[in-house]
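Peer 1: Let me give you the structure first, and then I'll get to my questions.
The values are calculated or read from the model by the stated rules, or taken from the named source; none is laboratory data. The shown structure was predicted, so the numbers you read here are calculated from the model rather than taken from an experiment. Backbone-built Cβ (ideal geometry, glycine too); neighbour counts: all protein chains shown. For the accessible areas, the whole protein counts, side chains as well, though only heavy atoms, and no ligand, DNA or RNA atoms are used. Shrake-Rupley method; radii C 1.70, N 1.55, O 1.52, S 1.80 Å.
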Amino acid sequence: NTDRIENVSQDGQGNLRIVAREESYMGNDYTSGRIKTQGLFEQEHGRFEARIKLPVGSGLWPAFWMLGANIDEMPWPDCGEIDILEYQGQRPERIFGTLHGPLYSGGESISGDLTLPDGETFADDFHVFAVEWDPSVIKFFVDDDEYHSVRSTDYGVPPGKWVFNNEFFMILNLAVGGT
């Protein structure tokens, strides 16, 4: 990730653009960008949403997500992570909403997905991706349609391991690479 305007800028029409580029830069073959609200905006509970048009392409991995603001004291996954939107550019018809915490992270995360009908992709137009989060449940939405919800009691998360009752900050990024 860089802080260059070539990777993160406005497009002149009110839209933020996060751009991945195939270029040699500081020893890497690609550049991209990320923005985060850490130290600027952190909140516990509420509705968090972004209107996003997603890219298509193998190796592109955009995400709209949140991390526990206590990450410096409680390293990941103990701080908690709420992935409002995860997407793989090689599968433009499918998105994920996922929670990570102690005992349920990485391959053991709590995840739901939404696949569009044949021929439609999330790259065709802008969509609003959101979570509504309160002390007992986190609900995931696309264009105000709920497709996934999580209560700690639904997944047997023991008391004290439900880490979604503190402030979180938001992150928008476009990762490149991976498997």
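Peer 1: What order do you get for 90-97, 57-64 when each peptide is scored by the mean count of other beta carbon atoms within 10 Å, highest first?
Peer 2: 90-97, 57-64
Peer 1: While we're on this one: Using Cα-Cα distances under 8 Å and only pairs 6 or more residues apart, what relative contact order does segment 54-179 have, in percent?
Peer 2: 30 percent
Peer 1: I'd like to know which of THR31, GLY12, PRO75 lies farthest towards the positive end of the charge dipole of segment 1-105, counting +1 on Cβ of Lys and Arg and -1 on Cβ of Asp and Glu.
Peer 2: The one lying farthest along the dipole's positive direction is GLY12.
Peer 1: Further, regarding this structure: For segment 97-153, what is the relative contact order in percent, using Cα pairs closer than 8 Å and at least 6 residues apart in sequence?
Peer 2: 25 percent
Peer 1: 7 Å from Cα along Cα→Cβ at both SER58 and GLN43: what's the point-to-point distance in nm?
Peer 2: Calculated label separation equals 4.0 nm.
Peer 1: Consider just the alpha-carbon atoms of the chain and return their Rg together with their Dmax, both in angstrom.
Peer 2: 16.4, 48
Peer 1: Please give the net charge around TRP162, taking every other residue with its beta carbon less than 14 angstrom from that of TRP162, where Lys and Arg add +1 and Asp and Glu add -1.
Peer 2: -3
Peer 1: Still on this model: Just to check I understand the Karplus step: with θ = phi - 60° and J = 6.51 cos²θ - 1.76 cosθ + 1.60, what whole-Hz values come out for segment 125-139, glycine and proline as x?
Peer 2: Whole-Hz 3J(HN,Hα) from phi for segment 125-139: 7, 6, 9, 9, 9, 8, 10, 10, 10, 10, x, 10, 7, 10, 10.
Peer 1: Moving on. Which of ASP145, ASP125, ASP29 moves the most in a Gaussian network model of the chain with Cα springs under 10 Å?
Peer 2: ASP29
Peer 1: Let me ask something else about it. Return the whole-Å distance between the Cα centroid of segment 7-79 and the Cα centroid of segment 90-139.
Peer 2: After rounding, the separation between the Cα centres reads 15 Å.
Peer 1: Still on this structure: Rank these by accessible area, largest first, 1.4 Å probe: MET170, MET66, MET26.
Peer 2: Largest accessible area first, the residues go MET26, MET170, MET66.
Peer 1: Which residue, PHE41, PHE140, PHE129, tops the fluctuation ranking in a GNM of the chain built on C-alpha contacts under 10 Å?
Peer 2: Comparing PHE41, PHE140, PHE129 in a Gaussian network model of the chain, the most mobile one is PHE41.
Peer 1: Then there's this: How compact and how long is segment 108-179, expressed as Rg and Dmax of its alpha-carbon atoms in Å?
Peer 2: When restricted to Cα atoms, segment 108-179 yields Rg and Dmax of 14.9, 43 Å.
Peer 1: Ok, one more. What are the semi-axes of the equivalent ellipsoid for segment 11-64, taken as the square roots of 5 times the Cα gyration tensor eigenvalues, largest first, in whole Å?
Peer 2: Whole-Å semi-axes of the equivalent ellipsoid: 26, 15, 12.
Peer 1: Quote the relative contact order of segment 1-108 in percent (integer), defining contacts as alpha-carbon pairs under 8 Å separated by 6+ residues.
Peer 2: The normalised contact order for segment 1-108 reaches 17 percent.
Peer 1: Determine the gain in length on full extension of the stretch ASP124-SER24; use 0.36 nm per residue of separation and subtract their C-alpha separation, reporting nm with one decimal.
Peer 2: Once the chain is fully extended between ASP124 and SER24, it gains 33.0 nm.
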